[in-house]
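Take a look at the structure below.
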Amino acid sequence: MPRRLIANIYVPDTALVARAIEYVRDCYEPYLFNHVMRSWLFASRIAELQGVPYDAEILAVSTLLHDLGLVKAFDGPLRFEVEGANAARAFAHKEGLDERRTQLIWDSVALNSTPSIGLHKESEVALCTMGISVDWGSGWCYDSVDTPAMNSIVEAFPRLRMKERFARAICGIVESRPETTYDTFARDFGERFVPNYRPPSLVDSLFNSPFEE
């Protein structure tokens, strides 16, 4: 597979990856485009350091498309990760990918914010989760990337007030579709930042069930 350097990280240089980059460049705000590019490059660097076998094209497409659910065009009644995964699947089908590769993309996007599951899936899903986690600066994977690579990637794709802008986007989902946030990380943003947010409770679901006992 042909490769090229982006921010000193080797990545696949194929038509599929090029189309994915252009697709998200058109879809995302600049801060979100930079976030997915950093996440992809972090994931690629982790894969290089770990030496694990993986499908580099699928990792690229998955990580680049993982936040489509935050784009207005893909608003819907489901949690934003699932709306994004469905949009990513549509992209994969349009590109003619087979069902296994398409499913890996769907799983990567749907589970991108659920590391307790994603990190234990196939290499592509786990690496996608790791790359995204690094860009959050979370305790899960931040130390997996060496300092020179970290500096090179952030310099090439600046954060552009990522923390503030991403928080605002998630709070917008909490405000407009609170019913989709009861079992997602968006709930944390709602409880911290959105007045009068009252997510559904799974405890209530259990104790209000119709069974007599």
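Structure above, values below:
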| quantity | calculated |
| --- | --- |
| Which of Ile170, Pro199, Thr180, positive extreme of dipole for segment 161-213 (C-beta unit charges) | Ile170 |
| Rg/Rh (Cα only; Kirkwood hydrodynamic radius) as it applies to segment 161-213 | 1.14 |
| Phe185 versus Arg3: modelled label distance in nm, points set 7 Å from Cα along the beta carbon direction | 2.8 nm |
| Semi-axes of the equivalent ellipsoid for segment 1-112, Cα gyration tensor, largest first, Å | 22, 15, 13 |
| Ascending count of other beta-carbon atoms within 10 Å, so fewest first, for Phe42, Phe211, Phe166, Phe193 | Phe211, Phe193, Phe166, Phe42 |
| Helix 99-110 vs. the chain, principal-axis angle (Cα, 0 to 90°, nearest 10) | 60 degrees |
| Gyration tensor (Cα) of segment 77-137, equivalent ellipsoid semi-axes in angstrom | 20, 14, 9 |
| The chain: radius of gyration over Cα atoms, expressed as a fraction of 2.2 N^0.38 Å | 1.05 |
| Cα long-axis angle, helix 56-65 against the chain (0 to 90 degrees, to the nearest 10) | 50 degrees |
| FRET efficiency for Leu202 and Gln103, using Cβ-Cβ distance with R0 set to 22 Å, rounded to 0.05 | 0.20 |
| Alpha-carbon centroid distance for the pair segment 1-75 / segment 97-143, whole angstrom | 12 Å |
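Every number here is computed from the coordinates shown, using simple stated rules; none is lab data. This structure is a prediction, so every number in the text was calculated from the model and none was measured. Glycine gets a Cβ as well: all are built from the backbone with ideal geometry, and neighbour counts include every protein chain shown.
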